[in-house]
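Notes follow once the structure below has been shown.
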Amino acid sequence: MECNPAFADIYGFYDRDKAAKSNISKFNSFDWPYMITRLKREKKLLGFQSWQRRSDGMRIHVIANLVGIFNDENEMIQVKGYMFDDTERKRQKKRLKEVKCR
């Protein structure tokens, strides 16, 4: 697996090599398998939103745009795309909603 510095940072890694060797589904036991299953079936995911966990356990909200790369046997062999950390916007939205409800 390859990852860029932004991906490593989103998931709480300070080293790209550690991020690449990590099993992110280990601390996202529902979201990652679900996302990969959908990606295998749909071939791409656009605007996939999910609350997940970083390597240090911190809860984050990500938005993913991903494309599966498949071999001749239709097995997914690679994932390309990008993920955006939307945590702060989601938290602000929740705070605004709480203020409005008062």
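Nothing in this text is a laboratory measurement; each read-out follows from the coordinates by a stated rule. What you see is a predicted model, and the numbers here were worked out from it, not measured in a lab. Here the Cβ is made from the backbone with ideal geometry for all residues, glycine too, and neighbour counts use every protein chain on show.
Quick check on this structure: which one of Lys18, Lys40 is over 17 Å from Phe70 (Cα atoms), part of a helix (DSSP H, G or I), out of contact with any Pro (no Cβ under 9 Å at 6 or more places or on another chain) and charged (D, E, K, R)?
Of Lys18, Lys40, the one residue that is over 17 Å from Phe70 (Cα atoms), part of a helix (DSSP H, G or I), out of contact with any Pro (no Cβ under 9 Å at 6 or more places or on another chain) and charged (D, E, K, R) is Lys18.
Quick one: in the range 17-54, which of the residues that are in contact with a Phe, Trp or Tyr (Cβ under 8 Å, 6 or more places away or on another chain) and of a type in the set (Lys, Arg) is nearest to Ile77 (Cα to Cα)?
Selected residue: Lys43.
Within the range 43-60, track down each residue that is part of a strand (DSSP E or B) and either crowded, with 17+ Cβ neighbours inside 10 Å or of a type outside the set (Gly, Ala, Ser) (or both).
Restricting attention to the range 43-60, the residues satisfying the condition of being part of a strand (DSSP E or B) are 44-53, 59-60.
If the condition is that a residue be part of a strand (DSSP E or B) and either crowded, with 17+ Cβ neighbours inside 10 Å or of a type outside the set (Gly, Ala, Ser) (or both), then Lys44, Leu45, Leu46, Phe48, Gln49, Ser50, Trp51, Gln52, Arg53, Arg59, Ile60 are the ones that fit.
Name the residues in the range 21-37 that are assigned to a loop (DSSP other than H, G, I, E, B) and free of Cβ contacts under 8 Å to residues at least 24 places away in the same chain, would you?
Correct list: Asn23, Ser29, Phe30.
I'd like to know if the range 61-83 contains one or more residues that are assigned to a helix (DSSP H, G or I), of a type outside the set (A, V, I, L, M) and on the phi < 0 side of the Ramachandran plot. I'd like the intermediate steps shown before the answer.
Restricting attention to the range 61-83, the residues satisfying the condition of being assigned to a helix (DSSP H, G or I) are none.
No, that holds for no residue.
Results for (1) in contact with a strand residue (DSSP E or B) (Cβ under 7 Å, 6 or more places away or on another chain); (2) more than 29 Å from Gln92 (Cβ to Cβ), shown as yes or no for each residue.
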position	(1), (2)
Gly12	no, no
Ser25	no, no
Thr37	no, yes
Gln49	yes, no
Asn65	yes, no
Ile77	yes, yes
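Would you mention how many residues in the range 80-102 are over 28 Å from Lys40 (Cα atoms) and β-branched (Val, Ile, Thr)?
The number of residues fulfilling the criteria is 1.
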